[in-house]
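Notes follow the structure.
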Amino acid sequence: MACKTKCVCSQLQQHRCKFQPVLPNILKKGPASVKAKTGKATKSVADQAAVKRIFPNTYGLPEISFVKGANAAACKKAVRVGVVLSGGQAPGGHNVIAGLLDGLKKANSRNKLFGFLGGPSGIVENKFVEITPALMKDYRNTGGFDLIQSGRTKIETDEQLQAAKDNLIKNKMDALVVVGGDDSNTNACVIAEYLKQQGVDISVIGVPKTIDGDLKNAQIETSFGFDTATKIYAEMVGNICRDVNSARKYWHFIRLMGRSASHIALEVALKTQPNAVLIGEEVLAKKMTLAQVVDYLAKIIAARAKQGKNFGVCLVPEGLIEFIPEMKELIAALNDLLSDNEAELAKMNTISEKKDFIISKLPAKLADLMKSLPAGIASQLMLDRDPHGNVQVSLIETEKLLVEMLRVKLADMKKAGKYNGKFSAITHFFGYEGRCGVPSSFDANYTYALGYNAAVLALNKCSGYLSSVRKLTKKPQDWECGGIPLTMMMNIERRKGKEKPVIRKALVELKGEPFKFLTKNREAWAVSESYVFPGPIQFFGPAEVTDMTTITLLFEQGKKRK
Ligand code: FBP
């Protein structure tokens with residue numbers, strides 16, 4: 001069943017439900033007026049031979065771009081399409097479904113859309129609901145995934161793949177649309193490959209979702225949700241900046257979501273100009289130890305204290321811990337040990353028993369590091385990996401670790417006469433707050449277009465593609481649409497102790513314009529109060545306020561002054 005909780009619509013929601021997203025011109029007349037133009041055969045971003053071996057049927061597909069042209073054939077037969085929301089929530093998920101529904105209905109009023117419930121497990125367990133225009137009505141332009149919920153199940157075993165295939169066939173589906181991040185879209189490709197290999201004519205299409213902003217590349221400009229989530233975090237960080245500037249007595253350490261890449265922290269820093277921001281990718285490139293990261297922050301705190309400013313704001317990316325080389329090595333060793341000793345560990349009752357067992361198996365250097373960590377952090381590092389093999393960094397309180405280490409460091413500096421301030425720190429984690437917000441106008445338009453575009457891909461029987469909408473710093477009317485082969489984005493990485501094909505995550509580019517702008521300005525931001533207070537997302541008002549996109553995207557497309 002779809003969401004049973006009857007939420008009371010706020011007045012904003014009532015108005016937002018009436019908002020009609022702007023479709024790119026190419027899609028405006030509906031799927032019967034769009035033709036698929038195919039480009040050259042493609043290859044994966046790396047490890048071509050290995051990726052081709054694993055995906056013989058979906059490897060090398062050509063890129064697709066949509067052009068104007070009569071295409072009544074694609075709309076003649078009534079089709080049944082399934083959609084699934086996979087992984088973490090991201091603002092705009094409901095609009096992907098709305099765009100998909102509207103595209104399908106525009107093509108043929110007999111087309112039907114079904115939503116698999118609770119994420120990919122809904123496909124395996126055959127749990128779904130028909131998404132009718134009446135059901136969709138209250139969810140248009142809303143945040144959250146509550147219409148059909150989400151989940152992180154990975155469809156990978158023979159039994160799961162077989163069950164998914166059987167259910168798709170039993171329900172006479174013509175296509176499956178997977179709305180997800182890099183891991184979920186890798187899984188979409190696994191399903192597309194399996195169906196082709198089994199001779200089953202059901203298309204699988206992905207849609208790029210994740211607030212983390214790391215599902216992007218030369219073909220995909222950004223994932224949906226990044227815009228809204230960073231605007232929400234920036235509002236909150238900006239409010240804290242204003243609070244410190246008013247009260248002038250606390251240092252705030254704010255960890256921001258973003259499992260691996262530091263895009264969210266960077267974008268929020270560009271929007272708010274705090275006194276310090278750590279960028280995981282830089283820490284890795286400079287091979288900084290945890291102690292060096294603490295030294296870097298202590299210097300900023302001391303410099304401000306010298307001016308009588310015992311306050312400030314520091315942003316910490318959620319994924320930082322995995323970028324500190326010594327921690328990265330420890331986490332990689334833990335990943336393998338946890339996976340190799342799963343059965344043995346399952347028999348143990350307490351986390352300290354598990355910790356002692358794991359420490360006994362670590363090489364001496366890593367065992368010492370593990371023992372040196374505060375007990376809470378060491379335990380958090382041992383928590384179960386998600387089904388895709390990722391450490392659950394949202395549960396690791398890196399900001400508290402840094403504050404604890406800073407207290408010790410600053411006390412030492414005080415003894416040595418190198419610091420004479422007062423360090424009163426408050427920690428925060430802004431994560432889940434940003435994932436289900438009401439989508440910004442950018443995300444509302446982008447997601448609707450991605451869904452509508454996915455409908456056109458499905459009607460044209462494209463399988464193994466990611467819905468692509470480009471030229472995003474232009475007006476939505478001028479956005480370009482098409483499909484990008486999923487295998488084109490893949491490489492081989494180590495997951496759960498094994499080499500696996502996965503869509504390559506986009507990390508913060510240290511030579512890229514967004515990071516260069518930060519490095520040019522951060523020393524000034526550290527000692528001054530250059531704070532910017534972005535305020536809440538605006539849905540009504542001048543277009544330059546309601547429709548603005550991320551600073552990251554503007555920089556990446558050469559649109560912002562250097
Ligand atoms: P996706 O990659 O699935 O979009 O999820 C990203 C994310 O929001 C991360 O920022 C965060 O670390 C993680 O999900 C939290 O996962 P969970 O929702 O399982 O706690």
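The values are calculated or read from the model by the stated rules, or taken from the named source; none is laboratory data. None of the values given here were measured: they were computed from a predicted structure. Quick reminder, even Gly has a Cβ in these numbers, built from the backbone with ideal geometry, and neighbours come from all protein chains shown. Just the protein is used for accessible areas: all its heavy atoms, side chains included, with ligands, DNA and RNA removed. Shrake-Rupley method; radii C 1.70, N 1.55, O 1.52, S 1.80 Å.
Observations on the model:
- Those helices (runs of 4 or more DSSP H) of region 315-407 in which at least 2 residues are within 15 Å of the ligand (Cβ to nearest atom), considering only elements entirely within it, cover 320-323, 375-381.
- Exclusive hit being away from the ligand (no atom under 13 Å from the Cβ), at pLDDT 95 or above, closer than 25 Å to PRO325 by Cα and small (Gly, Ala, Ser), set ALA261, ALA265, ALA247, ALA269: ALA269
- Extreme residue, surrounded by the most Cβ atoms within 10 Å (Cβ to Cβ), among residues of region 143-165 that are farther than 16 Å from VAL83 by Cα and modelled with pLDDT of 95 or more: GLY143
- Residue tally, condition open to solvent by 30 Å² or more (accessible area, probe 1.4 Å) and either outside the structural domain of ARG304 (by TED's automatic domain parsing) or in contact with a Cys (Cβ under 9 Å, 6 or more places away or on another chain) (or both), over region 521-553: 3
- Qualifying residues in region 163-182 (those that are in contact with a strand residue (DSSP E or B) (Cβ under 7 Å, 6 or more places away or on another chain) and in a helix (DSSP H, G or I)) - the one nearest to GLU125 (Cα to Cα): LEU168
- Inter-residue pairs, beta-carbon under 7 Å, first β-branched (Val, Ile, Thr) and in region 492-519, second surrounded by fewer than 14 Cβ atoms within 10 Å (Cβ to Cβ) and part of a strand (DSSP E or B), 6+ apart: ILE492/GLU499
- Only residues that are modelled with pLDDT of 95 or more, outside any helix (DSSP H, G or I), aromatic (Phe, Trp, Tyr) and over 25 Å from the mean Cα position of the chain (by Cα) were counted in region 508-544, giving 1.
- The single residue among LYS500, LYS516 that is in the same structural domain as GLN273 (by TED's automatic domain parsing), open to solvent by 40 Å² or more (accessible area, probe 1.4 Å) and of a type outside the set (Val, Ile, Thr) turns out to be LYS516.
- All positions within region 527-553 that are farther than 13 Å from SER440 by Cβ and out of contact with any helix residue (DSSP H, G or I) (no Cβ under 9 Å at 6 or more places or on another chain): SER528, PRO542, GLU544
- Output for region 12-34, where each listed residue is within 29 Å of the chain's Cα centre (by Cα) and surrounded by fewer than 22 Cβ atoms within 10 Å (Cβ to Cβ): LEU12, GLN13, GLN14, HIS15, ARG16, CYS17, LYS18, PHE19, GLN20, VAL22, ASN25, LYS28
- Flag if ILE123 is under 15 Å from LEU85 (Cα atoms), in contact (Cβ under 8 Å) with a residue 60 or more places away in the chain and touching a strand residue (DSSP E or B) at 6+ places or on another chain (Cβ under 6 Å): no
- Region 412-429, residues that are more than 15 Å from the ligand (Cβ to nearest atom), in contact (Cβ under 8 Å) with a residue 40 or more places away in the chain and not in a loop (DSSP other than H, G, I, E, B): MET413, ALA425, ILE426, THR427, HIS428
Okay, residues lined up against (1) open to solvent by less than 10 Å² (accessible area, probe 1.4 Å); (2) closer than 24 Å to VAL237 by Cα:
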site	(1), (2)
TYR419	no, no
ALA425	no, yes
CYS436	no, yes
LEU450	yes, no
SER468	yes, no
PRO476	no, no
LEU486	yes, no
ILE492	no, no
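Results for (1) assigned to a helix (DSSP H, G or I); (2) on the phi > 0 side of the Ramachandran plot; (3) under 12 Å from the mean Cα position of the chain (by Cα); (4) surrounded by 21 or more Cβ atoms within 10 Å (Cβ to Cβ), shown as yes or no for each residue.
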{"residue": "ILE205", "(1), (2), (3), (4)": "no, no, no, yes"}
{"residue": "ILE211", "(1), (2), (3), (4)": "no, no, yes, yes"}
{"residue": "LEU215", "(1), (2), (3), (4)": "no, no, yes, yes"}
{"residue": "GLN219", "(1), (2), (3), (4)": "no, no, no, no"}
{"residue": "ALA229", "(1), (2), (3), (4)": "yes, no, yes, yes"}
{"residue": "ALA234", "(1), (2), (3), (4)": "yes, no, no, yes"}
{"residue": "CYS241", "(1), (2), (3), (4)": "yes, no, no, yes"}
{"residue": "LYS249", "(1), (2), (3), (4)": "no, no, no, no"}
{"residue": "SER260", "(1), (2), (3), (4)": "no, no, yes, yes"}
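- Of the helices (runs of 4 or more DSSP H) contained entirely in region 72-140, those carrying at least 2 residues that are open to solvent by less than 10 Å² (accessible area, probe 1.4 Å) fall at 93-107, 121-124.
- The set of residues in region 323-361 being under 18 Å from LYS286 (Cα atoms) and open to solvent by 50 Å² or more (accessible area, probe 1.4 Å) consists of GLU326, LYS328, GLU329.
- Scanning region 272-290 for residues that are without any contact (Cβ under 8 Å) to a residue 12 or more places away in the chain and either within 16 Å of the ligand (Cβ to nearest atom) or not in a loop (DSSP other than H, G, I, E, B) (or both) yields a count of 0.
- Looking across region 225-240, the residues that are more than 10 Å from the ligand (Cβ to nearest atom), in contact with a helix residue (DSSP H, G or I) (Cβ under 6 Å, 6 or more places away or on another chain) and not hydroxyl-bearing (Ser, Thr, Tyr) come down to ASP227, ILE232, ALA234, VAL237, GLY238.
- Condition check for ILE254: within 16 Å of the ligand (Cβ to nearest atom), modelled with pLDDT of 95 or more, more than 18 Å from LEU401 (Cα to Cα) and among the β-branched types (Val, Ile, Thr): no
- Condition met for TYR432 (open to solvent by 70 Å² or more (accessible area, probe 1.4 Å) and within 16 Å of the ligand (Cβ to nearest atom)): yes
- For region 165-209, the tally of residues that are over 17 Å from MET490 (Cβ atoms), within 16 Å of the ligand (Cβ to nearest atom) and among the charged types (D, E, K, R) stands at 1.
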